[in-house]
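Novice: After the structure tokens below, expect a handful of questions from me.
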Amino acid sequence: MNTEATSRDFVSSYIDAWNQHDAGSVAEHLSLDGVYFDIPIQHELTRDGLIEHLKEFFAQDKNRYQLVGEICTGETSIAYQYRAIPQDEGDNPGWMGAEFITMQGEIAGKIEDYYQDADTVRASRRGIVSQRYAKSGLDEAGLQKVMDGLTRLMVQEKVFLDPGLSLPQLALRLDCSVNHLSQAINAGFGMSFFDYVNQHRVKEAMSSLCCKEGGAPPILDIALSVGFNSTSTFYAAFKKSTGQSPGQYRRARFKA
């Protein structure tokens, strides 16, 4: 059971690791099979992925992090606010964030990071990612070319409707390597391949959920028609994108 003392110790140690700019120490607070979610840029990282990401982030990050207010403790959860304060920018107040942590005993199984001034942080993190990808042969011009081609396939050809759509298939259509396509999605759109594809599927489903002509189609039919293989995956992706279940979204639109 999570206690207030355990929560205080965890948060204190976690924030201290961020202030030490120590990627390994930060990641040690996450279980081996844990997941870190950067919510504003919709980026999901494993423990090893978090280490690699933070090594590059900390190479440029000049912020000091501090707890703001009280720590909220649940039986298996911790939530708190923090402020990131630039150390060398005079009166710059920095930006606010919040962490929502699901615990597995005394270690985190899931960490969700939300923050304000997302445009500034997003630009910083995209810059870091883009620099890394440039080293592998994909510069900013190449990044934009792949992004433009991918957008065309999604918007004009709606390739996301294919439930078997894969990264290699898209790379073949775009005449680029799988690695470069993955890099373009991660750096350019700030999300994973699956989140990117599902985002388009959800947008398509939203139109069908609002359709009243000929009666409202069953939600399962809509899920399958836009490329999902199951209702559970559809519900999870829909709620992640909209904050509502498909049923809640439909009812709200029909009442409007």
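Novice: For Ser25, which of the numbered conditions (1) at pLDDT 90 or above; (2) over 15 Å from Ile107 (Cβ atoms) fails to hold?
Specialist: Failing condition for Ser25: (2).
Novice: Moving on. Could you go through region 187-195 and let me know if any residue there is part of a loop (DSSP other than H, G, I, E, B), more than 27 Å from Leu143 (Cα to Cα) and out of contact with any His (no Cβ under 9 Å at 6 or more places or on another chain).
Specialist: No: region 187-195 contains no residue that is part of a loop (DSSP other than H, G, I, E, B), more than 27 Å from Leu143 (Cα to Cα) and out of contact with any His (no Cβ under 9 Å at 6 or more places or on another chain).
Novice: Also: Considering only residues of region 159-171 that are in a loop (DSSP other than H, G, I, E, B) and without any contact (Cβ under 8 Å) to a residue 12 or more places away in the chain, which is farthest from Leu224 (Cα to Cα)?
Specialist: Only one residue fits best here, namely Ser166.
Novice: Taking Tyr114 as the residue in question, decide whether it is open to solvent by 20 Å² or more (accessible area, probe 1.4 Å), in a helix (DSSP H, G or I), hydroxyl-bearing (Ser, Thr, Tyr) and modelled with pLDDT under 85.
Specialist: Against the criterion (open to solvent by 20 Å² or more (accessible area, probe 1.4 Å), in a helix (DSSP H, G or I), hydroxyl-bearing (Ser, Thr, Tyr) and modelled with pLDDT under 85), Tyr114 does not qualify.
Novice: Let me ask you something else. So for region 192-199 (the condition being open to solvent by 10 Å² or more (accessible area, probe 1.4 Å), within 17 Å of the chain's Cα centre (by Cα) and modelled with pLDDT of 90 or more), does at least one residue qualify?
Specialist: There is at least one residue in region 192-199 that is open to solvent by 10 Å² or more (accessible area, probe 1.4 Å), within 17 Å of the chain's Cα centre (by Cα) and modelled with pLDDT of 90 or more.
Novice: Scan region 226-248 residue by residue and report those that are under 16 Å from Leu161 (Cβ atoms) and open to solvent by 70 Å² or more (accessible area, probe 1.4 Å).
Specialist: If the condition is that a residue be under 16 Å from Leu161 (Cβ atoms) and open to solvent by 70 Å² or more (accessible area, probe 1.4 Å), then Asn229 is the only one that fits.
Novice: Given (1) modelled with pLDDT of 90 or more; (2) more than 23 Å from Phe238 (Cβ to Cβ); (3) crowded, with 16+ Cβ neighbours inside 10 Å, where does Leu153 come up short, assuming only one miss?
Specialist: With (1) modelled with pLDDT of 90 or more; (2) more than 23 Å from Phe238 (Cβ to Cβ); (3) crowded, with 16+ Cβ neighbours inside 10 Å applied to Leu153, the lone miss is (2).
Novice: Enumerate the pairs (first residue in region 211-233 and outside any helix (DSSP H, G or I) and at pLDDT 85 or above; second residue anywhere and open to solvent by less than 50 Å² (accessible area, probe 1.4 Å) and β-branched (Val, Ile, Thr)) with beta-carbon separation below 8 Å, excluding pairs fewer than 6 apart on the same chain, so at least 6 apart or on different chains.
Specialist: Between residues of region 211-233 that are outside any helix (DSSP H, G or I) and at pLDDT 85 or above and residues that are open to solvent by less than 50 Å² (accessible area, probe 1.4 Å) and β-branched (Val, Ile, Thr), the close pairs are Val226/Val202; Gly227/Val197.
Novice: Where in region 2-103 are there strands (runs of 3 or more DSSP E), lying fully within it, with 3 or more residues that are small (Gly, Ala, Ser)?
Specialist: It comes to 77-86.
Novice: Show the residue pairs meeting these rules: Cβ distance below 9 Å; 6+ apart or different chains; first residue within region 172-194 and among the charged types (D, E, K, R); second residue open to solvent by 60 Å² or more (accessible area, probe 1.4 Å).
Specialist: Correct list of pairs: Arg173/Glu157.
The values are calculated or read from the model by the stated rules, or taken from the named source; none is laboratory data. Quantities reported herein were computed from a predicted structural model and do not represent experimental measurements. We place every Cβ from the backbone using ideal geometry, glycine too, and count neighbours over all the protein chains shown. Protein only, heavy atoms only, side chains kept; ligands, DNA and RNA dropped before computing areas. Shrake-Rupley method; radii C 1.70, N 1.55, O 1.52, S 1.80 Å.
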